[in-house]
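See structure below.
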Amino acid sequence: MKEDPGYYDYWPYENRPKIEWPNGAQLAFWVAPNIEYYELDPPANPYRTPWPQPHPAVSGYSIRDWGNRVGHIRQMELLDKYGIRGSISLSAALCDHHPEIIDMCEERNWEFFSHGVYNTRYTYGMNEQQERDMIKDAMESILKHTGQKCAGYLAPALSHSELTLDLFAEVGTEMFGAEGGFYSCDLFHDDQPTPIHLRSGKRFVSIPYSLEMNDTIAYLVQKVPPRQYGKALKDNFDRLYAEGAESGTIMCIPTHNYQVSCAHRIKAYEEALEYITGHSKVWVTTGREIASYYLEHYYDAALADISAKQI
Amino acid sequence: MSKLDNKYLHYPHRSYGMDHNRYEWSMLSTRPKVSWPEGKLLALWVNVGLQFFPLNQRGVPFKVPGGMTKPYPDLRHYSLRDYGNRVGIYRFLKAFDQYGIKPTFAVSTRLAERTPYLIDKIKERGDEIICHGYHMDALHYGGQDKVEEAELVEKALDGLRKMTGQDVKGWISPAKNESANTPDLLAANGITYFCDWVNDDMPYVFQTQHGPITAMPLSTELEDYFIILNNLHSAESWAEQICDACDFLLQEAKTQGGRILSLNIHPWVLGQPHRIGQLEKVLDYICSKREVWPAYAGEILAAFK
């Protein structure tokens, strides 16, 4: 085990090269719906128990199923209304279980990125080959069912190994060259993109995907009331938007259909979306587009700046 | 990290639909529109848990949420739960009558045995009674002995039917917890609908070894216990969340057909003097909308079919 994962260097949030997003935008805004499949009776993993009760875990399984049966369309209609294309953090097995959802997202040109095969199959305990196979399986599923060259990764249930980012980038290169496997959502250290050190030396970035704004963290872990969550989204936006005039920032709302689409919560979410998209210097976009734009325009300048600031 | 067997990367249920055979995969938005009686759009299902939490709780295989948490005798939690059945429930009944609610009572059979006065009162009112298990510590759970569970289901249903004179058709498991056999045992004992699964907003068909039964959508997310005592939101926030849900579902019903607002509430939570006003406020708000249809769970199911 290591003291530090070694993915990035210390890089203070002051005097960095300024980022300007397309059309003079000062903030890049993306919404990342997690569309997940949890198994009712998954195999045991020695490091994490999937459900708190012995099989069948009715309460946990059924509310997540509600997200696919009922919640999905509600969030999708809302994102349509505010001109937002979702960047889906996808349990790849959902392509097999619920292709109707995949089709609806495809019709809207939403992005699919990998969130593993199932959200009840953890990386913990996998050897390098097994993790590589799991990552490749998910990327092949996305390609087969959507034609998309998967660019991003959020490890299933945020379960990682020391090699997770390396393996994802390498499988991406093997399948798609530089057009796949080039960004990660697994790191929460910054409000701007960060170049990531990989053993392959691939041009690869971490894109901010905020756990603080994640609806499941807010509702299930911090247990906040819906309108408090809505206010936090607006407050988060206000500060990042103001700072973005000087630095160029990113705001992400990671969501789950079984949380944010509930009838008692969707109003607070809609108010925040209306507020954010009502600002002129916001680039409403996807994870892949942010990462691609950054790699093309700012990645090299960032590397040079980071290097110059290492003491 | 120790090695995982390669079988961990095998996915035997990775195919169209669900990863089990209990019900069909179906998105709510693609189903035919439902019409409620008299052109109403939103059925209001007020479901009242009348629960008995025994002082000598066994806690097998877990301590039921809302149950005893202190060393025996936990007078604090025992008596505070009992408060609901002695005091809070009579505040509920007044409020229901004031706003024309048709409450469904989910009763622990052991409570019916212990408080015949309360059960007689509900019988006289003629409200629907469904079974909430034998008592709150008589849990149904994965790995439970099948014969033991079969006896428990039979004891709970036979006893409640005898005491209420009603042919009880509905069921909620204590803590909404089940074993893999629970739906089969319920169907074998004459249950036609149960309310443990929270994966839909409308009724749907659930397969058992003894024929299909109906899963009825009783929201946990909107429950008083869940919002006030699990999430630790105020009673005012509970009321605000319910009113927001009512508005949203009513709006959705206008384009997608009838919907159900299910409020699972407990007299030991909302029957407290400082909270009852929020329940009254919510009922006043919902019932002021002319598209709302207050109904028993069984009536909603009958109209759905």
Original post:
Pick from B:Ala175, B:Ala112, B:Ala245: which is most flexible by mean-square fluctuation in a GNM of chain B where alpha carbon atoms under 10 Å apart are linked?
Top reply: B:Ala245
**OP:** Show the residues, 5+ positions off or on another chain, whose built amide H is closer than 5 Å to the amide H of B:Ile130.
**Re:** B:Phe105, B:Ala106, B:Val107
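Treating only the Cβ of Lys, Arg, Asp and Glu as charged (+1, +1, -1, -1), what charge dipole size does the protein assembly as shown show about its Cα centre? Round to the nearest 20 debye. Can you show the working numbers first?
Values: 62 positive and 80 negative charges, 345 e Å.
With Lys and Arg at +1 and Asp and Glu at -1, about 1660 debye.
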Subject >> Positive-end residue, chain B charge dipole about Cα centroid, Cβ charges, pick of B:Pro294, B:Asn21, B:Gly39 >> reply: B:Pro294
Original post:
Relative contact order of chain A: what whole-number percent is it, with Cα pairs under 8 angstrom and at least 6 residues apart?
Top reply: 28 percent
**OP:** Return the percentage of antiparallel bridges among DSSP beta bridges fully within the protein assembly as shown, rounded to the nearest 5 %.
**Re:** 15 percent
**OP:** Give the cross-link partners of A:Lys149 among the lysines, using a straight C-alpha distance below 22 Å as the criterion and excluding same-chain residues fewer than 8 apart.
**Re:** A:Lys136, A:Lys202
**OP:** Partner chain Cβ atoms within 10 Å, averaged over the residues of B:227-235 - can you pull that number for me?
**Re:** 2
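Please tell me the relative contact order of segment B:221-276 in percent, rounded to the nearest whole number, where contacts are Cα pairs under 8 Å and at least six residues apart.
Values: 35 pairs, mean separation 23.9, N = 56.
Taking the mean separation of contacting Cα pairs over the length of segment B:221-276, I get 43 percent.
For chain A, what does -39500 (n - 2.57) per DSSP helix run (n ≥ 4), summed and divided by total residues, give at 222 nm, in deg cm²/dmol to the nearest 500? Spell out each step's value before the answer.
Details: 11 runs with 120 residues, N = 311.
Value at 222 nm, helices only: -11500 deg cm²/dmol.
Over segment B:1-127, calculate the relative contact order: mean separation of alpha carbon pairs under 8 Å at least 6 apart, over the residue count, as a percent.
On the way: 76 pairs, mean separation 31.9, N = 127.
The normalised contact order for segment B:1-127 reaches 25 percent.
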**OP:** Taking only Cα atoms and a 10 Å spring cutoff, compute GNM fluctuations for chain B and point out the largest among B:Gly142, B:Gly17, B:Gly67.
**Re:** B:Gly17
**OP:** May I ask for the Kirkwood hydrodynamic radius of chain B, worked out over all distinct Cα pairs and given in angstroms to one decimal?
**Re:** 20.3 Å
Subject >> Antiparallel bridge percentage (DSSP; both residues within chain B; nearest 5) >> reply: 10 percent
Subject >> Globularity index of the protein assembly as shown, i.e. its alpha-carbon radius of gyration over 2.2 N^0.38 Å >> reply: 1.03
Original post:
Which of the lysines could a cross-linker bridge to B:Lys281, judged by Cα under 23 Å and excluding same-chain residues fewer than eight apart?
Top reply: A:Lys267, B:Lys40, B:Lys94, B:Lys102, B:Lys289
Original post:
P(r) of segment A:22-308 in 10 Å steps, Cα pairs, percent per bin?
Top reply: 6, 29, 37, 23, 5, 0
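Every number in this text was worked out from the coordinates using simple rules, so none of it is lab data. Treat the numbers as computed from the prediction; the structure is a model and nothing was measured. Note: ideal-geometry Cβ built from the backbone for every residue, glycine included; neighbour counts use all protein chains shown.
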